[in-house]
Structures are given as structure tokens and as C-alpha cells.
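Asker: Please find one structure pasted underneath; my questions will follow.
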Amino acid sequence: MHFSIIAAAVGAARLTASSPAASTNSTSILTTAGAQAVIPGWHLQSSNNVSQSVIALSNAGVDTSSWFRVGARGSVFAGLLESGVYNDTHLFFSNNLENAVDYSAYEIPWLYREEFALARQPNQHYFLQTNGITSRADIYVNGVQIASNKTQVGSYGGKKYEITNALTDGQNAILIVAYPTNYLRDFAMGYVDWNPYPPDNGTGVWRYVEMAQTGPVSLSDPRIKTDYEYTWRNAATVTVRIDATNNGDQAINATITAAIQGPKGSQVTTVSQPVSLPPGQSKTVSMITDLSNPQIWWPASWGSQPLYTVSVSASISNTISDTAPPRRFGIRHVSSYVNSYNDTAFNLNGYPFLVMGAGYAPDVFYRFDVNRTRSQIQRILDLGLNTIRLEGKQEQPELYDLADEMGLMIMAGWECCDKWEGWDYNEDADGVKWVDADYETANASMLHEAAMMQTHPSMLAFLIGSDYWPNDHATQVYVDALNKMDWPNPVIASAGKLGYPALLGPSGMKMDGPYDWVPPNYWYGDQLGAAFGFGSELGAGVGTPEISSLRKFLSAEDLDDLWQHPHKDLYHMSTNESSFYDRSIYNDGLYNRYGKPKSLEDYLRKAQMSDYEATRAEFEAYVAYKGNERPSTGLIYWMLQGAWPNLHWQLFDYYEQPMGSYYGVKVATRPEHVVYDYEQKAVWVTSNALNSSGMRNVSIDLIHLNGSSISKSTSSLDEAVPNGSSNVASVRGINSIHDVALLRLRLAGENNVTLSRNVYWLSKENDVMDWDNSTWYNTPVVKYANMTTLYTMTNATVSVSTKKSGSSATVTLENKSGMPAVFIRLGLVQGSAAVESAYWDDNYVTLFPHEKLDIGVKWRTGGAGSPSIVWDGVNVPSGKSSLG
Ligand SMILES: *[C@@H]1O[C@H](CO)[C@@H](O)[C@H](O)[C@H]1NC(C)=O
Ligand SMILES: *[C@@H]1O[C@H](CO)[C@@H](O)[C@H](O)[C@H]1NC(C)=O
Ligand SMILES: *[C@@H]1O[C@H](CO)[C@@H](O)[C@H](O)[C@H]1NC(C)=O
Ligand SMILES: *[C@@H]1O[C@H](CO)[C@@H](O)[C@H](O)[C@H]1NC(C)=O
Ligand SMILES: *[C@@H]1O[C@H](CO)[C@@H](O)[C@H](O)[C@H]1NC(C)=O
Ligand SMILES: *[C@@H]1O[C@H](CO)[C@@H](O)[C@H](O)[C@H]1NC(C)=O
Ligand SMILES: *[C@@H]1O[C@H](CO)[C@@H](O)[C@H](O)[C@H]1NC(C)=O
Ligand SMILES: *[C@@H]1O[C@H](CO)[C@@H](O)[C@H](O)[C@H]1NC(C)=O
Ligand SMILES: *[C@@H]1O[C@H](CO)[C@@H](O)[C@H](O)[C@H]1NC(C)=O
Ligand SMILES: *[C@@H]1O[C@H](CO)[C@@H](O)[C@H](O)[C@H]1NC(C)=O
């Protein structure tokens, strides 16, 4: 096969090419000083398929109609998917990504080429702005080399090149030669053990390349500082900072003007500052103004997200020389400190901010769809999470815009294990050791990303290291770059505690596992990843998709492997070199605790129970223990979602479908909640809300599986504890459990309003762990809890009634029997397909005898036919009811 796939597809692309070639467009891409334009698309080709020299190819007039026509940003492989050479539905199925692609096609450079028209104007300067090209590139304009693979380096190496002298009046051409990426040699976006690598390792123009026209003075992106901390006063001082550069050969006096608009678009204030610029020089200009009655920005769960807009221009004798693209900012204050246990804790607008987050994965081919990202953030907020961690995958600028608008915090940072951690002292990282030029790439990368992120209120912190901490030289480079960009948020040396650079001190973040399955009581221990301090990446490794998603990417044989070969290597788990290529630890837990599965369906139900228990306990423990003497200060679940269809490490799957792991988190992060502590056998009332007030009542019911009561008690709090947690009672009767019992906790506020209700299945004895034999990814279990009796229960009778209103419905479940109805899974389907946009208030619920529960669901309309509700449970036969 080898290269013939590509060659054959070139022919196909020629036939279907529909986008007009740029050479037919004679409209100038730039017309005024202060204008910016994105290179609107590219012709893409392998260097293997071209015969002309790069110089010839970079001149206008070359016929590239046989090349692939791709969008304005995308890796080589993303471009081939876009062009229909490959089909991701097919590649994601079973082992196809491994077998159906010739990887050697990506061991040579690929070319991105575009032509554009320009009406060149006198006394103007023209710039080419890159925002990172993976991972090294030569850039040519009209036969002139603008950058080489020694200067345009790294996925984040955004650079601004003046190209005035290379441009011509009329048709121009730009050619980018993207060199193959090796994650160990290059500053790229590696996946380490997350998933199989994309065939091209992400090579290419993955972010926009922009052009700009200016007069003699050009501007950088603006930066914003505010003096708002948290004490209220009726004004906030805002400082707008921007770098102005005189690109000409004469001294210039320019005026820099910043206009700030309020959240509703009203002009709030304009402030100007003169600047004298000798030829060739840059100066930073600061403009200070007071905003009266500032509107404060909050994360979603704490308030609204008012955004101000700043527009900055430079003028010379009242003629505009440059305008910076408008940037939005929010007025808010983030800080962090290392407490007496050397654990990092965050404050947001003066309130202790328990980070409840998860690790974000981009698309495996680094494709970006703003609508997909928006719906992922909706899922994240629905999960009750307040933060995502970006480990070396800083994504596109729109991610930050959405996070600002929707109120999600972002903990950005560099990645572990590969080139990014190739510091001299680090014998553990596989990355090629840094040489002088690498510090320059680190500097360019940090400057560019900090400039992109600086104004965004959604930024929580930047972690300049991941598993390891940067050596002193790299730390200085990163910190200087962040300071130069007026970084207003915490800078943390690493995500782990292995060591730290003198300049920054201890990171206060632990990376002590687990990454693979541990039982629920793990989190209530006092070692490793248990609920104390800040866990920067940890979890029980769960996140098994439901069958509707599994069928999209697993063959019948793969599905058999899932439940029949519990220790087998699985292509959709991780990379074949990693500790997570099989589900042995997970399945040992599942088989031992829930019993050997009898079918795929049985396996998946047990998996969802296991996953739900795992994520609920992790988040509940971190929330409950935030008031402990050594408090939990934050956690990042490993991970949020997969870069491709994945079998683990996720809270929703690649198709954005929630499952057990999702609803476990959603319960645990409720604004007010009531938690069972598996170790202390106690009940905690928790609040993640700033405004909890009034009396709180807790009812605690423990029953046998036959429905008879073991204990029943109530407890109350005279006053709720906002943003806090409180141990309110111990559960009686745990010692009377025969095999398995069910514990229902209910938290009620004033007027008996239910704030939280939640059921646990508890075995007679907790799992017993061998902490001393822990590895970096797991703590072994030496005696498993025994949940098997759950699968011997007789059926409960549950009636399901629905009330639909537009694109939402209330589903009323009523248990008509004296038996509990365990782990009822609700689904919304249209025909036989799951409605992917369904949001359930709660799911995978357990009903006590004769209990009635209303559950809301809403969805986005669309698709043929009206949806139906489907359900089943451990001892509840499956059913279906049309919503009419
Ligand atoms: C032609 O180029 C201009 C400037 O880049 C752009 O605004 C316009 O949409 C293009 N027209 C077509 C038909 O591609
Ligand atoms: C992509 O592959 C899937 C599964 O193999 C197939 O059903 C679909 O028709 C393909 N799409 C295209 C555009 O060829
Ligand atoms: C940089 O470009 C040169 C050709 O100019 C090439 O020989 C070299 O392999 C490239 N370096 C990398 C790391 O790709
Ligand atoms: C991708 O990077 C890995 C190292 O992480 C390397 O082994 C592999 O050869 C690279 N792939 C290509 C196509 O260069
Ligand atoms: C800039 O302004 C200063 C102070 O007013 C003046 O001395 C200088 O001549 C001006 N320079 C130019 C190039 O206009
Ligand atoms: C915190 O870190 C500092 C610096 O390494 C160390 O001296 C101190 O003992 C640590 N404190 C605790 C409680 O671990
Ligand atoms: C995003 O969704 C909106 C509304 O459905 C649609 O108009 C728009 O084209 C979509 N954007 C992209 C990039 O797909
Ligand atoms: C409070 O509400 C619960 C659940 O709806 C109900 O079981 C209980 O009887 C109510 N308590 C009072 C005092 O009304
Ligand atoms: C660790 O596990 C091994 C093998 O199961 C066992 O022999 C040993 O006693 C365990 N070590 C500790 C400290 O429990
Ligand atoms: C689990 O509990 C059931 C019911 O009591 C019992 O039959 C079974 O032997 C137990 N399994 C183990 C491994 O102890």
C-alpha cells in the first residue's frame, strides 16, 4: 500500500475539488492600516508528490489544483480527513487506525500553500503572524525565505515576521514546509499514554496563520491588569498595557488609545497615552483608568460572567497606524498559596475555591469545532465541575472565549514526559535533552501562549512543569516571559511534588496516583491520592461507555473481549507501551466485587455501577474533607474525556455521551449535598455554594436488600455552612449488614425542600487495600467488598410516567413494591439511537420501597420522530415509553 493511498486520493480530490482556488480571487486580503486577515485556506500536498523546488512553489502562478484543498487550520492528517482521504468513523473502528494507515507517509515534509491578492500601499508595513506550527517549518513568500525550521519551531512558537519587502502588488504566494514531528525531539503536543498517536504526530499548520497591515507603528496584543482583589469599593483600576513598535527608520510620536466597553456594549471609558519611539524600537505603554461600579466576573456556580472589551489603536497625527484585535476581559481576582502542609490552595474573588476539575483532551487529530467545544463545556458545567486542566494542549483561542462566557476555569500548562521535560537533571523523561536553542523555543512558546491567555478571566493558573519541574534556567525563561506578558495569575512549578525550582518553591500539587481502579474507601484514607491537598491528576481510571457508543468503535470480537477476556490488551485503552493497555486491575475489581459477568449487558451494568461508585466517592471525599485539619484543596479527575473513542479515563465519551462515571460526579458536586464517608461511616453535609443559609435536615435510612429497615435517623444543622462541609452524624447499623445494604441520604432545606438525595450500596465490609504495595498508578486491594447479592434480588415493580413540555420532560419513577429498585438507568432515544443532547437531572438512581422520584430531562430538538424514554435496572426489567 505505502504511498499509493495518498496518490490515489490525489486523483479523487481533484475530481471533487469544490472550493475556488485562491488564484481566482483578486480582492486584496488587506486594505487598511490596522487590518488583519487569516490565510483563508491551504492547498496541501506531500513533498513526495511535488517536483518543483520550494522556491518555485512559493511563487504565484503554480497550478496546485491537484493538491488537497483544506481549511485555514489543521494538521496534515486533519487535512486528509477533511479531504475525504481517510474517514474517522472507519479509522476509529476497532484496530483500523493501526492497520489502515501508512505511517511512513508522515516521515517526510508536507507543504501548505496559498495564493492571495494584495494591493500594496506605500509607507505601510506587512506582517505574517504564526501561532504555532507543529513542529518545525520553513516559510517562504514569493520565493523569499521568511523563516526556517530553526526559527519557526514548536507547536506554540507563534512569531510575527515582517514581510513587507517580500510582497508584491497583485498576486502573492505563501508556502509553508512542515517538517515531521517526533514527540521526543520536538516541542509538540504529545499524548504519552493517553491514546494511540496520530499518524502524523500532529504535524502542520494547526492554528491560523494571519497577515496584518500597519503604518509605521504596530501594536502587540493588549494586556489587562486590574487592582480588584475582593474588598468591595465602587471602582476598579484597570491598566491596559501594550507594546508599540516603530518599524520605520524615523523617530515617531504616536498616540495609543484604549477604549473600554462595558458588558452591555456601552462605552465606559477611553484613555490615551503619547509615546515617542526612536526608529526600530519598541516600548510598553500603560494606560490606567478607573471603572466605576465594576461588574465582577464569577465562575458559573458562583455568579455571572460580565465581560468588558478593550480596543487599542495607535495613531500618528490622527491617522490610524494599527489597531489591536479587540480583547475581552473580566474583573476578578485569582490567587493561590501553599499552606502549612505544602499543599496549594486557591482563592477566587476572596473565597476559598475548591478546584473540582478534570483533564481535558483535544481531538486526537487536533481538529477543533467551536460548537463541539461549547457542548463539551455544557457537559462540564452540568457535571458540576468548575475547572479543566490543559496538560500541554492549549487548544485554540475560542476555547478561552467560551470559558470566559460560560464561567469555566482553566488551569493551563506544559506537558510531561517528552521533549518538554528533557531537562539536564531529569533521567526519567525520554525527551531529547534541551540545548540552548530549546530555551529560545521555550521562551517563544511561553510568550505567545501568555499573550493569548492573559486577558481571559477564566485563567486559574499556568503550570510550567508537569510531572517534573523545570530546571533553574527553564524556570527563569518561563517566569520572565510570563512577567513580560503581565501574567496576573498563579504560576506553579509542576503538577507533582518530586522537586521544585528555587525561584518558585514547592508546587503544592501531588501526583501520587491512582490512575487505575481503586475502591471507594480509598479516597477516605490518608495516603497518596486520598482526599487531602491538591491532586493534580488522579482517579480510579474509570469511564466505561454505554453500549450505544461502544458499538460505534468496537467490533463484535472486541465487545466479546471486553467481558470475556478481562486481562487482554485492548487497542482502545491506551498505547501498547503503557501500564493502561488492559483492564486487568479494573476487571479484577469488577469480577470480584460484582461477580463474573454473564453477558455483555451484565458486564456493562456492573461496569456502570463500579464507575459510578468510583467517581462519586472521589469527588465526595474531596468536597467533604475541604474543612479538615489538612484540607483537600482541589482535584483534577484523570481525565475529562478521550481524544478518541476510549474505554476509560473519562466522564463522558467521545460522542459526548454520559455514563456511570458522569452521574457519580454530578451527584458529588451538587451545590449542597450529603455524603457517606466509607471509612468513618459518617455523614457529611457539604456546600459548594456561597449563599447556603438556613436550617438543614438530614435523613439517613439504611435497609436490607429485601427492603426491611436496619436503621433510620435524622440529624439537623441550625445553619447551613456555605462553601464548607460538616460532619453531622454517624450511620447506625453498619455492623448489622448481612451481605449488602442500601443507604439513602437526604438533605432538606427550609420547607422540607430536597437539596440532595442519593443512595449507596454498601457491603458488609469495605475493601481492604495494601497501601504499602502501591505503585505510581494503583493501590492493590487484598480483600474485595462483596456486592454479589445485588444480582440475586427479585424484581421490583417500578411504574414510569412522563410529562413532556417542549424539549423537556419530567419522568416520574414510582417503586410499587416493598423491595428496593436498584440502579435504574434512564435513556432518551429516537428510534433506536440515543439522543446525544439529552441532559438528565439525575440518573442511575436507586429507589427505596414505595419511593417516588421525579427526574427532569431536556434535549435539543431535531431528528425524526418524537423521543421515547427507555429504562432498566439491576432488578428492574427494561421498558420503554413514548413521549408522544
Ligand atoms: C476574496 O478575498 C477576500 C479577502 O481575502 C475575502 O474577503 C473574500 O471573501 C474572497 N472571496 C472569495 C470569493 O473567496
Ligand atoms: C465512513 O466510514 C463509515 C464506516 O466504515 C461508513 O459507514 C461511512 O459511509 C463512511 N463515510 C464516507 C463519507 O465514506
Ligand atoms: C530542517 O530543514 C532541513 C532542510 O533545510 C532539513 O534537512 C532538516 O532535517 C530539518 N530539521 C528538522 C528537525 O526537521
Ligand atoms: C512520532 O513520535 C514518536 C516519538 O514519540 C516517534 O517514535 C514516531 O516515529 C513519530 N512519528 C513520525 C511519523 O515521525
Ligand atoms: C516628539 O515630541 C517631542 C516632545 O513634544 C518633540 O520634542 C519631538 O520633536 C517630537 N518628535 C517627532 C518625530 O515629532
Ligand atoms: C514544605 O516545603 C519546605 C521546602 O521544601 C520544607 O522545608 C518543609 O519542611 C515542608 N513542610 C512540610 C510540612 O512538609
Ligand atoms: C455552530 O452551530 C451554529 C448553530 O447551529 C451554526 O450556525 C454554525 O455554522 C456552527 N459552526 C460551525 C463552525 O460548525
Ligand atoms: C419531607 O419530604 C420527604 C420527601 O418528600 C417526605 O418523605 C417527608 O415526609 C417530608 N417531611 C415532612 C415533615 O413533611
Ligand atoms: C506486597 O505484596 C507482596 C506480594 O503480594 C507480599 O508478599 C508483601 O507482603 C506485600 N508487602 C507488604 C508491605 O504488604
Ligand atoms: C459473596 O457473598 C455471597 C453471598 O453471601 C457468597 O455466596 C459468596 O461466597 C461471597 N463471595 C466471596 C468471594 O466471599
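The values are calculated or read from the model by the stated rules, or taken from the named source; none is laboratory data. Being a predicted model, the structure only gives us computed values, none of them experimental. Reconstructed Cβ throughout: ideal geometry from the backbone, glycine too, with neighbour counts over all protein chains shown. When the accessible area is computed, the model is the full protein with side chains, heavy atoms only, and any ligands, DNA or RNA have been set aside. Shrake-Rupley method; radii C 1.70, N 1.55, O 1.52, S 1.80 Å.
Asker: I'd like the full set of residues that are within 16 Å of ligand 10 (Cβ to nearest atom), in contact (Cβ under 8 Å) with a residue 12 or more places away in the chain and either assigned to a loop (DSSP other than H, G, I, E, B) or more than 30 Å from residue 525 (Cα to Cα) (or both), limited to the stretch 772-803.
Answerer: Residues satisfying the conditions are 784, 785, 786, 787, 793, 794.
Asker: Kindly check whether there is at least one residue in the stretch 742-751 that is in a helix (DSSP H, G or I) and within 21 Å of residue 717 (Cβ to Cβ).
Answerer: yes
Asker: Residue 91 - would you say it is without any contact (Cβ under 8 Å) to a residue 12 or more places away in the chain and either surrounded by 21 or more Cβ atoms within 10 Å (Cβ to Cβ) or touching a Ser or Thr at 6+ places or on another chain (Cβ under 7 Å) (or both)?
Answerer: yes
Asker: Looking at the stretch 366-411 only, could you name the residues that are of a type in the set (A, V, I, L, M, F, W, C) and within 16 Å of ligand 7 (Cβ to nearest atom)?
Answerer: Matches in the stretch 366-411: 368, 370, 377, 399, 402, 406.
Asker: Right, another one. Within the stretch 642-675, can you find the residues that are small (Gly, Ala, Ser), out of contact with any helix residue (DSSP H, G or I) (no Cβ under 7 Å at 6 or more places or on another chain) and closer than 15 Å to residue 540 by Cβ?
Answerer: none
Asker: While we're here: Answer with yes or no whether residue 293 is at positive phi and at pLDDT below 95. Walk me through how you get there before you give the answer.
Answerer: Working: at positive phi: yes; at pLDDT below 95: yes.
Yes.
Asker: Consider residue 268 carefully, then state whether it is open to solvent by 40 Å² or more (accessible area, probe 1.4 Å) and not aromatic (Phe, Trp, Tyr).
Answerer: Considered against the rule, which asks whether it is open to solvent by 40 Å² or more (accessible area, probe 1.4 Å) and not aromatic (Phe, Trp, Tyr), residue 268 comes out as yes.
Asker: Of the conditions (1) outside any loop (DSSP other than H, G, I, E, B); (2) under 26 Å from residue 270 (Cβ atoms), residue 176 satisfies every one except a single condition; which number is it?
Answerer: Checking residue 176 against (1) outside any loop (DSSP other than H, G, I, E, B); (2) under 26 Å from residue 270 (Cβ atoms), the one that fails is (2).
Asker: Given the criterion outside the structural domain of residue 451 (by TED's automatic domain parsing), part of a strand (DSSP E or B) and under 30 Å from residue 439 (Cα atoms), identify the matching residue among 212, 258.
Answerer: Working: 258 fails: under 30 Å from residue 439 (Cα atoms).
Matching residue, one of 212, 258: 212.
Asker: Checking the condition open to solvent by less than 20 Å² (accessible area, probe 1.4 Å) and either away from ligand 8 (no atom under 16 Å from the Cβ) or over 30 Å from residue 81 (Cα atoms) (or both), which residue from 387, 319 passes?
Answerer: Every option except 387 fails the conditions.
Asker: Another one. Out of the stretch 178-208, which residues are β-branched (Val, Ile, Thr) and surrounded by fewer than 24 Cβ atoms within 10 Å (Cβ to Cβ)?
Answerer: 192
Asker: How about the stretch 488-531: which of its residues are among the aromatic types (Phe, Trp, Tyr) and either buried (at least 24 other Cβ atoms within 10 Å of the Cβ) or touching a Pro at 6+ places or on another chain (Cβ under 6 Å) (or both)?
Answerer: Within the stretch 488-531, 500, 515, 517, 522, 523 qualify.
Asker: Moving on. If you go through the stretch 542-552 one residue at a time, how many are touching a residue at least 24 places away in the same chain (Cβ under 8 Å) and open to solvent by 10 Å² or more (accessible area, probe 1.4 Å)?
Answerer: Number satisfying all stated conditions: 4.
Asker: Name the residues in the stretch 408-451 that are of a type in the set (A, V, I, L, M, F, W, C), out of contact with any helix residue (DSSP H, G or I) (no Cβ under 8 Å at 6 or more places or on another chain) and open to solvent by 30 Å² or more (accessible area, probe 1.4 Å), would you?
Answerer: As a first pass, look at the stretch 408-451 and keep what is of a type in the set (A, V, I, L, M, F, W, C): 408-412, 414, 416-417, 420, 423, 429, 432, 434-435, 437, 442, 444, 446-447, 450-451.
Okay, now just the ones that are also out of contact with any helix residue (DSSP H, G or I) (no Cβ under 8 Å at 6 or more places or on another chain), so 411, 416-417, 420, 435, 437, 444, 451.
If the condition is that a residue be of a type in the set (A, V, I, L, M, F, W, C), out of contact with any helix residue (DSSP H, G or I) (no Cβ under 8 Å at 6 or more places or on another chain) and open to solvent by 30 Å² or more (accessible area, probe 1.4 Å), then 417, 435, 437 are the ones that fit.
Asker: Something else: Residue check: is residue 184 away from ligand 8 (no atom under 16 Å from the Cβ) and within 32 Å of the chain's Cα centre (by Cα)?
Answerer: Criteria met by residue 184.
Asker: Moving to a separate point now. Here is a check on your reading of the model: is residue 349 farther than 30 Å from residue 646 by Cβ and modelled with pLDDT under 95?
Answerer: no
Asker: How many residues are open to solvent by less than 20 Å² (accessible area, probe 1.4 Å), in contact (Cβ under 8 Å) with a residue 60 or more places away in the chain and in contact with a Phe, Trp or Tyr (Cβ under 9 Å, 6 or more places away or on another chain) when one looks only at the stretch 841-860?
Answerer: Looking only at that region, the number is 4.
Asker: Quickly run through the stretch 339-362 and pick out the residues that are in contact (Cβ under 8 Å) with a residue 12 or more places away in the chain and either open to solvent by 20 Å² or more (accessible area, probe 1.4 Å) or within 16 Å of ligand 10 (Cβ to nearest atom) (or both). Show your work before the answer.
Answerer: So in the stretch 339-362, the residues in contact (Cβ under 8 Å) with a residue 12 or more places away in the chain come out as 339, 341-362.
Passing the criteria: 339, 341, 342, 347, 350, 351, 352.
Asker: For the stretch 553-580, give me each residue that is open to solvent by 30 Å² or more (accessible area, probe 1.4 Å), touching a strand residue (DSSP E or B) at 6+ places or on another chain (Cβ under 9 Å) and either within 14 Å of residue 516 (Cα to Cα) or assigned by TED's automatic domain parsing to the domain that holds residue 93 (or both).
Answerer: Matches in the stretch 553-580: 567 only.
Asker: For the stretch 677-691, indicate whether the set of residues that are open to solvent by less than 20 Å² (accessible area, probe 1.4 Å), assigned to a helix (DSSP H, G or I) and in contact with a Gly (Cβ under 7 Å, 6 or more places away or on another chain) is non-empty.
Answerer: No: zero hits.
Asker: OK, next. Restricting attention to the stretch 645-676, report how many residues are of a type in the set (Asp, Glu) and not in a loop (DSSP other than H, G, I, E, B).
Answerer: Of the residues in that region, 1 qualify.
Asker: So for the stretch 598-613 (the condition being under 18 Å from the mean Cα position of the chain (by Cα) and assigned by TED's automatic domain parsing to the domain that holds residue 568), does at least one residue qualify?
Answerer: So far as the stretch 598-613 goes, no, none of its residues is under 18 Å from the mean Cα position of the chain (by Cα) and assigned by TED's automatic domain parsing to the domain that holds residue 568.
Asker: Something else: In the stretch 219-254, how many are under 30 Å from residue 280 (Cα atoms), assigned to a strand (DSSP E or B) and open to solvent by less than 40 Å² (accessible area, probe 1.4 Å)?
Answerer: Count: 13.
Asker: Being in contact with a helix residue (DSSP H, G or I) (Cβ under 7 Å, 6 or more places away or on another chain) and either over 22 Å from residue 96 (Cα atoms) or within 16 Å of ligand 7 (Cβ to nearest atom) (or both) is the filter here; which residues of the stretch 181-196 pass it?
Answerer: 183, 184, 185, 186, 187
Asker: Is it the case that residue 400 is touching a helix residue (DSSP H, G or I) at 6+ places or on another chain (Cβ under 9 Å) and in a helix (DSSP H, G or I)?
Answerer: Considered against the rule, which asks whether it is touching a helix residue (DSSP H, G or I) at 6+ places or on another chain (Cβ under 9 Å) and in a helix (DSSP H, G or I), residue 400 comes out as yes.
Asker: Hey, another quick one. Among the residues of the stretch 738-775 satisfying the criterion of being within 16 Å of ligand 9 (Cβ to nearest atom) and touching a strand residue (DSSP E or B) at 6+ places or on another chain (Cβ under 8 Å), which is least open to solvent (accessible area, probe 1.4 Å)?
Answerer: Within the stretch 738-775, the subset within 16 Å of ligand 9 (Cβ to nearest atom) is 767-775.
Next cut, touching a strand residue (DSSP E or B) at 6+ places or on another chain (Cβ under 8 Å) only: 767-770.
Numbers: 767: 10, 768: 63, 769: 27, 770: 43 Å².
Ranking the qualifying residues of the stretch 738-775, first place goes to 767.
Asker: Could you tell me whether any residue of the stretch 313-321 is more than 16 Å from ligand 2 (Cβ to nearest atom), modelled with pLDDT of 95 or more, over 30 Å from residue 635 (Cβ atoms) and part of a loop (DSSP other than H, G, I, E, B)?
Answerer: Step one: of the stretch 313-321, the residues more than 16 Å from ligand 2 (Cβ to nearest atom) are 313-321.
Remaining after also requiring modelled with pLDDT of 95 or more: 313-321.
Okay, now just the ones that are also over 30 Å from residue 635 (Cβ atoms), so 313-321.
Applying the additional criterion that residues be part of a loop (DSSP other than H, G, I, E, B) yields 317-318.
Yes, the stretch 313-321 contains at least one residue that is more than 16 Å from ligand 2 (Cβ to nearest atom), modelled with pLDDT of 95 or more, over 30 Å from residue 635 (Cβ atoms) and part of a loop (DSSP other than H, G, I, E, B).
Asker: Inside the stretch 468-507, can you point out the residues that are among the hydroxyl-bearing types (Ser, Thr, Tyr) and assigned to a loop (DSSP other than H, G, I, E, B)?
Answerer: Matches in the stretch 468-507: 468, 494, 500, 507.
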